[in-house]
Ligand SMILES: C[S@@+](CC[C@H](N)C(=O)[O-])C[C@H]1O[C@@H](n2cnc3c(N)ncnc32)[C@H](O)[C@@H]1O
Ligand SMILES: [Zn+2]
């Protein structure tokens, strides 16, 4: 599961949905993998305003990744004067699209439920009493 | 032919054997690809987008999203949800690009508000009408699903769900649930009144223009109908056309029912609405 996806995923329980603590989910015993993806500058640009940068920083810290800049990069930083992709764009691409959780758990900060991740797929099936 | 939905719950129906058979059948792959392309045309996305694929299965629909060229506004990035671990296993084997969740869309859509540019669902949501246990109802599951989908789409976002309703009642149950969740909604029928009829539920979150997309596609229907005419060598009137309405009205009148007088507006296209 890409870090991009983790920046949007919340706890599935109804009682958690509206609480701030249910996002972001916290990785536990996570094994990371690096997956090569083609650079898609327009996609990254499209996603930028939708990212929750605070959550992104939390994720990076919890996964032991290098510290992220304090503020969300802005669209102007993605390309230089001649329209070439900048290092900022490449770094974002690596972080969001190529860094993924291969296995481990995702824990809700509100209810404590642990969602297992195997082969990159998170199990979000809830027993009916938890729905 | 019996419907798989009436035989078993989806996670049991799509077991390892069925998932492999489904994913490797070239007939199925072609049909799913056609419907996905149709849904994409209806979504009319201009930029590389983040798309939610509901009931993504083995990624037959998703891989088409990844393959949209830059000239056509792609490639898109998708996140899939499916209840069958075997289907997702097939997707892993085929090394598709999207992220996937093992999840029941009838339990909701676990993403924060405004996450996705768009959503598609190909041949999946009719399954929501089969509630497997006594503590959940189809209505309850449809509500969870559409409420969650609505919230997860950004403003102006669209969703297109191709589905196989069992009957008119099921079709209405589904479309009404979508409307209750707040969507602007319309149903597009391809190849109406044939055994290959396909239903596309086209949904928009405030500000999106469903009618524009559907109206444009209706022209394609007209051409489809003409093509059928030629093949069969006889006149086929398009459902909803003036000729069709006039004939239906005559039928209804013959049965003693009260029908509206025909006017110059009869059979004209209106805004899509229920
Ligand atoms: C006919 S397959 C279509 C798969 C894929 N969209 C395609 O076009 O090839 C239907 C899929 O819907 C999934 N499905 C059925 N009910 C579901 C539910 N409640 N939640 C998530 N997925 C579901 C099934 O597991 C199956 O993979
Ligand atoms: Zn929770």
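Output the residues belonging to the range A:115-131 that are over 17 Å from the mean Cα position of the chain (by Cα), in a loop (DSSP other than H, G, I, E, B) and at the interface with chain B (Cβ under 7 Å from one of its Cβ atoms). Answer for the range A:115-131, where residues must be over 17 Å from the mean Cα position of the chain (by Cα), in a loop (DSSP other than H, G, I, E, B) and at the interface with chain B (Cβ under 7 Å from one of its Cβ atoms): A:125, A:126, A:131.
Could you say which residue among A:5, A:88 is modelled with pLDDT of 95 or more, assigned to a helix (DSSP H, G or I) and more than 15 Å from the chain's Cα centre (by Cα)?
A:88
Would the range A:13-21 turn up any residue that is away from ligand 2 (no atom under 12 Å from the Cβ), within 13 Å of chain B (Cβ to nearest Cβ) and modelled with pLDDT of 95 or more? No, the range A:13-21 contains no residue that is away from ligand 2 (no atom under 12 Å from the Cβ), within 13 Å of chain B (Cβ to nearest Cβ) and modelled with pLDDT of 95 or more. The single residue among A:81, A:119 that is more than 16 Å from ligand 2 (Cβ to nearest atom) and either under 16 Å from residue A:7 (Cβ atoms) or at pLDDT below 95 (or both) turns out to be A:81. Every test in (1) away from every other protein chain (no Cβ under 13 Å); (2) in contact with a helix residue (DSSP H, G or I) (Cβ under 7 Å, 6 or more places away or on another chain); (3) touching a residue at least 40 places away in the same chain (Cβ under 8 Å) is passed by residue A:99 save one, and that test is (1). Just one of the listed residues (A:60, A:30) is more than 10 Å from chain B (Cβ to nearest Cβ) and part of a helix (DSSP H, G or I), and it is A:60.
Applying the selection to the range A:33-47, what residues are at the interface with chain B (Cβ under 7 Å from one of its Cβ atoms) and either in contact with a strand residue (DSSP E or B) (Cβ under 7 Å, 6 or more places away or on another chain) or assigned to a helix (DSSP H, G or I) (or both)?
Start the filter on the range A:33-47 by keeping residues that are at the interface with chain B (Cβ under 7 Å from one of its Cβ atoms), which leaves A:40, A:42-43, A:46-47.
Of everything in the range A:33-47, those that are at the interface with chain B (Cβ under 7 Å from one of its Cβ atoms) and either in contact with a strand residue (DSSP E or B) (Cβ under 7 Å, 6 or more places away or on another chain) or assigned to a helix (DSSP H, G or I) (or both) turn out to be A:42, A:43, A:46, A:47.
Might you check whether a residue that is away from chain B (no Cβ under 14 Å), farther than 28 Å from residue B:149 by Cβ and within 16 Å of the chain's Cα centre (by Cα) occurs anywhere in the range A:104-114? Taking every residue of the range A:104-114 in turn, none turns out to be away from chain B (no Cβ under 14 Å), farther than 28 Å from residue B:149 by Cβ and within 16 Å of the chain's Cα centre (by Cα). Screening the candidates B:126, B:169 for the property of being under 15 Å from the mean Cα position of the chain (by Cα) and more than 14 Å from chain A (Cβ to nearest Cβ) yields one hit, B:126.
Return the residues of the range B:84-108 that are closer than 15 Å to residue B:15 by Cα, buried (at least 24 other Cβ atoms within 10 Å of the Cβ) and at the interface with chain A (Cβ under 8 Å from one of its Cβ atoms); say none if nothing qualifies. The answer is B:88, and nothing else.
The residue list A:28, A:45 contains one member that is touching a helix residue (DSSP H, G or I) at 6+ places or on another chain (Cβ under 7 Å) and touching a residue at least 24 places away in the same chain (Cβ under 8 Å), which is A:45. Please go through the range B:24-68 and pick out each residue that is away from ligand 1 (no atom under 12 Å from the Cβ) and assigned to a loop (DSSP other than H, G, I, E, B). Residues satisfying the conditions are B:44, B:45, B:46, B:47, B:48, B:49, B:67, B:68. Residues in the range B:109-118 that are more than 9 Å from chain A (Cβ to nearest Cβ) and buried (at least 24 other Cβ atoms within 10 Å of the Cβ): B:118 only. Here B:88, B:101 are screened, and the one residue that is out of contact with any helix residue (DSSP H, G or I) (no Cβ under 7 Å at 6 or more places or on another chain) and within 16 Å of ligand 2 (Cβ to nearest atom) is B:101.
The values are calculated or read from the model by the stated rules, or taken from the named source; none is laboratory data. The structure presented is a predicted model; accordingly, all values stated were derived computationally and were not measured. All Cβ positions, even for glycine, are placed from backbone atoms using ideal geometry, and neighbour counts span all protein chains on display.
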